[in-house]
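Q: Here it is: the structure, laid out below.
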Amino acid sequence: MLRVGLTGGIGSGKSTVARRLVQRGAVLVDADALAREVVAAGTDGLAEVVEAFGPDVLGPDGELDRPALAGVVFGDDTARARLNGIIHPRVRGRTEELIAAAPPDAVLVQDIPLLVEAGMAAHFALVLVVHADVEERVRRLVELRGMPEADARARIAVQAGDEQRRAAADVWLDNSGDQDALRAAVDELWDTRLVPFEENLRSRRAVRGGAPRLVEPDPGWAAEGARLAARVAAAAGERGRGASHTGSTSVPGLVAKDVIDLQLGVESLADADALRDALQDAGFPHRPDIVADNPKPEGSAPWPKRCHQSADPGRVVHLHVREVGSPGWRYALLFRDWMRADPAARDEYAALKRALADRHRDDPDAGGYAEAKEPWFDAALPRAEEWAAATGWVPVP
Ligand code: ADP
């Protein structure tokens, strides 16, 4: 099962996207619909609301009188918290039931208007954000949904802004065009990313990076690394000891393969093994064939680790799980920090990469390329250590 979080500002086209995904075969869990369902007429949820806020919030038809309730909780944080305390646990319970009832090969889409505001993004294997400019959203809400303009603007004002949503988005679906363009974009996403992602997850198959193809440094890598590290940390829970973006894409300005390397610290490799399924469910299948790093310098015993890689065909990720304080854990942080601090060293490494990537162009899995870089790393290690000693560097994940 692939769990997708779907969000976007009001009027962005989220429900339209959700409907198309359902037509293509997704299982939808609609948070707004559940929030209404758990306080529908005759439910124990509604009984609790009436008990908390008095009989005036009940309409003559036995349904919740929403405007009356809104009047009671408006501007009263205690009352709002009390209401949320009734509704949220019930929505969570229903969500869990629906997830449990979904088939094991489902692409499960959770439509959650306030996903970003509620800090839930890291709990999905993929976050899909639907975007349209504020003015276009106001226009649609007023013209197509009959909302008074002031209401539309007031609702937009209390939601997250584009920057926050962009930081949470694995997929940014631009809905500035017409509905046909939106449908085509959703269909392409379904066919080329969601369906293969789900298949990869179910069969525990990682996406391979393939031959070494260097790309120019992407200013978006840092945000992507942070987002993916947060997902890994959420999956690891209490067993995690810090997840961070490492490797070449974590160094601004460094040419790199388009791979996000992540390091998850753990107390012991037994903990890493205990985390295997949680990491797999979060979108990162285990690579049982990769059990160690090459030691630096060469010749000493290999540095044991666990390795997971992304199942998302839209993003290659190498997730290295290492013991906190082990040489491999320390080394990943040392090289990142040294390269960030020393542009000359970074550029020297970039030049080497360009030469080697060219030479190993036809190398199917980049193994020869990686091996050919080792001597440079061995030679560079004393310089990195000198820098660490001179600056009083300590490893911080
Ligand atoms: P949300 O669920 O994000 O609030 P909706 O999917 O309900 O947004 O879309 C808001 C309104 O805009 C709806 O009436 C919808 O039919 C319409 N709409 C969605 N996408 C487009 C589009 N690309 N062009 C024109 N109208 C659109």
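The values are calculated or read from the model by the stated rules, or taken from the named source; none is laboratory data. Note that the structure is predicted; figures quoted are calculated from it, not measured. No Cβ is skipped: glycine too gets one built from the backbone with ideal geometry, and neighbour counts run over all protein chains shown. When the accessible area is computed, the model is the full protein with side chains, heavy atoms only, and any ligands, DNA or RNA have been set aside. Shrake-Rupley method; radii C 1.70, N 1.55, O 1.52, S 1.80 Å.
Q: Under the Karplus relation 6.51 cos²θ - 1.76 cosθ + 1.60, θ = phi - 60°, what is the ordered set of whole-Hz ³J(HN,Hα) values for the stretch 179-192, x standing for Gly and Pro?
A: 5, 5, 5, 5, 4, 5, 5, 5, 4, 5, 4, 4, 6, 9
Q: Here is a follow-up. Over the stretch 2-203, average the accessible area per residue using a 1.4 Å probe and give it in Å², no decimals.
A: Here the per-residue accessible area is 51 Å².
Q: Spelling out what I want: for every residue of the stretch 10-24, take phi, set θ = phi - 60°, compute 6.51 cos²θ - 1.76 cosθ + 1.60 (Karplus), and round to whole Hz; glycine and proline get x.
A: So the J values, rounded to whole Hz, are 4, x, 6, x, 4, 5, 5, 5, 4, 4, 5, 4, 5, 4, 7.
Q: Restricting to the chain, compute how many DSSP beta bridges are antiparallel as a %, nearest 5.
A: 35
Q: Would you kindly calculate the translational diffusion coefficient of the stretch 150-277, applying Stokes-Einstein with the Kirkwood radius from alpha carbon pairs, for 25 °C and a viscosity of 0.890 mPa s, and quote it in µm² s⁻¹ without decimals?
A: 138
Q: What does the accessible area per residue of the stretch 309-397 come to in Å², with a 1.4 Å probe and no ligands, DNA or RNA counted?
A: 46
Q: Also: Summing Lys, Arg as +1 and Asp, Glu as -1, what charge do residues with Cβ under 12 Å from the Cβ of Val107 carry, Val107 excluded?
A: Once positives and negatives cancel, what remains is 0.
Q: Give the relative contact order (percent, whole number) for the stretch 303-397; include only Cα pairs under 8 Å separated by 6+ residues.
A: Computed value for the stretch 303-397: 21 percent relative contact order.
Q: Assuming R0 = 25 Å, what is the FRET efficiency of Leu381 and Ala223, from their Cβ-Cβ distance, to the nearest 0.05?
A: Once the sixth-power term is evaluated, E becomes 0.25.
Q: Same structure, new question: Pop the C-beta distance of Leu144 and Ser300 into the FRET formula with R0 = 56 Å and round what comes out to the nearest 0.05.
A: 0.25
Q: Here is a further query. Could you tell me what percent of the DSSP beta bridges with both partners in the stretch 214-391 are antiparallel, to the nearest 5?
A: Taking every DSSP beta bridge within the stretch 214-391, about 60 percent pair in antiparallel fashion.
Q: Same structure, new question: Report, in deg cm²/dmol and to the nearest 500, the calculated mean residue ellipticity at 222 nm for the chain, where each DSSP H run with n ≥ 4 adds -39500 (n - 2.57) and the sum is divided by the residue count.
A: -15000 deg cm²/dmol
Q: Now a separate question. Calculate, in nm to one decimal, what Glu216 and Glu371 gain on full extension: separation in residues at 0.36 nm each, minus their alpha carbon distance.
A: 53.6 nm
Q: Right, another one. Relative contact order for the chain: what percent, with Cα pairs under 8 Å and sequence separation of 6 or more?
A: 16
Q: Amide H neighbours of Arg287 under 5 Å, at least 5 residues apart or on other chains, H built in the peptide plane: list them.
A: Cys307, His308, Gln309
Q: Tell me whether the stretch 2-203 comes out rounded, prolate or oblate; compute the Cα gyration tensor, take square roots of the eigenvalues as a ≥ b ≥ c, and use a/c under 1.5 as the rounded threshold.
A: Oblate is the answer for the stretch 2-203, as a/c is 1.5 or above yet b/c matches or exceeds a/b.
Q: Where is the GNM fluctuation largest for the chain (alpha-carbon springs, 10 angstrom cutoff): Ile99, Ile156, Ile112?
A: Taking springs between Cα atoms under 10 Å, the residue moving most is Ile156.
Q: Considering only DSSP beta bridges where both residues belong to the stretch 2-203, give the percentage that are antiparallel (nearest 5).
A: 5
Q: Could you pull out every residue, at least 5 positions away or on a different chain, whose amide H is within less than 5 Å of the one on Leu262? Hs are placed 1.01 Å off N in the peptide plane, and Pro or chain starts have none.
A: Thr246, His318, Leu319, His320
Q: Rounded, prolate or oblate: which one fits the chain, using the alpha carbon gyration tensor with axes a ≥ b ≥ c (rounded when a/c is under 1.5, else prolate when a/b beats b/c, else oblate)?
A: prolate
Q: Can you list residues whose amide H is under 5 Å from Val29's amide H, if they're 5+ apart or on another chain and H is modeled 1.01 Å from N?
A: Placed amide hydrogens put Val109, Gln110, Asp111 under 5 Å from Val29.
Q: Lys pairs in the chain, Cα-Cα under 29 Å, at least 8 apart or on separate chains: how many?
A: 10
Q: Give or take rounding to whole Å, what are the principal axis extents of the alpha carbon atoms in the stretch 214-391, in descending order?
A: 39, 36, 28
Q: Determine ³J(HN,Hα), in whole Hz, for all residues of the stretch 360-371 in sequence, where each value follows from phi through the Karplus function 6.51 cos²θ - 1.76 cosθ + 1.60 and θ = phi - 60°; x replaces Gly and Pro.
A: With coefficients 6.51, -1.76 and 1.60, one gets 9, 3, 9, 5, x, 10, 6, x, x, 4, 4, 5 Hz.
Q: Okay, next question. Quick one: pull the percent of accessible area on the chain belonging to carbon and sulfur, 1.4 Å probe, ligands and nucleic acids left out.
A: It is 53 percent, rounded to a whole number.
Q: Under a plain spin-label model, where a point goes 7 Å from the Cα along Cα-to-Cβ, how far apart in nm are Glu37 and Ala270?
A: Result for the modelled spin labels: 4.3 nm.
Q: Also, I was wondering about something else. How long are the semi-axes of the equivalent ellipsoid of the stretch 209-294, defined as square roots of 5 times the Cα gyration tensor eigenvalues? Whole Å, largest first.
A: For the stretch 209-294, the ellipsoid semi-axes come out as 24, 15, 11 Å.
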